[in-house]
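J.: Please find one structure pasted underneath; my questions will follow.
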Amino acid sequence: MEPLNLFPLFLSLKVAVAATGLAAVIGIPLAYYLSRSRGKIADFVDALTTLPVILPPTVLGYYLLVLLGRQSPIGKFVEETFGTTLVFTPLGAVIAAFVVAVPFLIKSARAAFASIDPNLIRAAKVLGRSDWNIFLVIILPLSWRGVASGLMLVFARALGDFGATLMVAGNIPNETLTMPVAIYDALLAGNHRLANALVMIMTAVSVSLLYMMKRVEKRMIRGDGSHVARKH
């Protein structure tokens, strides 16, 4: 019996971590903007960020191929500048997973930001705090639970993405083959033993990661509660 190739698992974890980091950098500021902005532009941005949740993965993957392909302006720029391509590479898998998963962070963080009392922000501005300082010192600490929940959802969604990742990154063995795509390939090849093994591993890893994240979140909540109790 051949040893089980765990490359797809490690690649899926790397892709999920990278996509979550990218979502934090882009999604959190965007969620804050949407929580504070009104008007047609904000509505359009909100609709655009929600679109990946509604569109079929194949349609989303097609748009990403058109946007990032070698013939597109972005694809040509990346190839001429860095000597590499975006599609059918691990970076393409990260981009696909990010686009699919970031709406979950934006929705969760936006709701958390919107729940903050505006009077706290006004008082901080009266005291001379900068917008950046207000965001770091007041807004993020008060909304961290919503942000943390959104990041957990991003990681879980990126870890299990299939459709968009398959179209943008492909299924190149030991290069772009993520765990969900490897399961699909094993089923197509009629290798049910391999498919069952990969499904069991994927399920165990997903449940374990989500359990650990929930435990960390509960400890942080208890830590906040004990801190408040000591202050009073």
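The values are calculated or read from the model by the stated rules, or taken from the named source; none is laboratory data. Computed from a predicted model, the values in this text were never measured in an experiment. Ideal geometry is used to build each Cβ from the backbone, glycine not excepted, and the neighbour counts take in all protein chains shown. All accessible areas refer to the heavy atoms of the entire protein, side chains included, with ligands and DNA or RNA removed. Shrake-Rupley method; radii C 1.70, N 1.55, O 1.52, S 1.80 Å.
J.: Going residue by residue through the range 17-37, is there one that turns out to be at pLDDT below 90 and small (Gly, Ala, Ser)?
T.: For the range 17-37, residues at pLDDT below 90 and small (Gly, Ala, Ser): present.
J.: Another question, if that's okay. Of the residues that sit in the range 50-85 and are of a type in the set (S, T, N, Q) and open to solvent by less than 70 Å² (accessible area, probe 1.4 Å), which one is farthest from Met167 (Cα to Cα)?
T.: Checked the range 50-85; the qualifying residue farthest from Met167 (Cα to Cα) is Thr50.
J.: Taking Leu11 and the conditions (1) open to solvent by 60 Å² or more (accessible area, probe 1.4 Å); (2) under 16 Å from Asp161 (Cβ atoms), which numbered condition does it fall short on, given that it satisfies the others?
T.: (1)
J.: Here's something else I'd like to know. Leu198 - would you say it is modelled with pLDDT of 90 or more and open to solvent by 50 Å² or more (accessible area, probe 1.4 Å)? Before the answer, list the steps.
T.: Numbers: modelled with pLDDT of 90 or more: yes; open to solvent by 50 Å² or more (accessible area, probe 1.4 Å): no.
Spelling it out, it is not the case that Leu198 is modelled with pLDDT of 90 or more and open to solvent by 50 Å² or more (accessible area, probe 1.4 Å).
J.: Which one of the conditions (1) among the hydrophobic types (A, V, I, L, M, F, W, C); (2) open to solvent by less than 60 Å² (accessible area, probe 1.4 Å); (3) touching a residue at least 12 places away in the same chain (Cβ under 8 Å); (4) more than 21 Å from Val87 (Cα to Cα) does Leu210 fail to meet, given that it meets all the rest?
T.: (2)
J.: If I ask for residues that are free of Cβ contacts under 8 Å to residues at least 40 places away in the same chain, open to solvent by 60 Å² or more (accessible area, probe 1.4 Å) and under 29 Å from Val99 (Cα atoms), which ones from the range 118-172 would you list?
T.: Asp131, Trp132, Leu136, Val137, Pro141, Leu142, Asn171
J.: Can you tell me which residue in the range 88-117 is nearest to Asn171 (Cα to Cα), limited to those that are more than 22 Å from the chain's Cα centre (by Cα) and open to solvent by 20 Å² or more (accessible area, probe 1.4 Å)?
T.: Going residue by residue through the range 88-117, those that are more than 22 Å from the chain's Cα centre (by Cα) are 115-117.
With the extra rule that they be open to solvent by 20 Å² or more (accessible area, probe 1.4 Å), the set shrinks to 115, 117.
Working: Ser115: 43, Asp117: 48 Å.
It comes out as Ser115.
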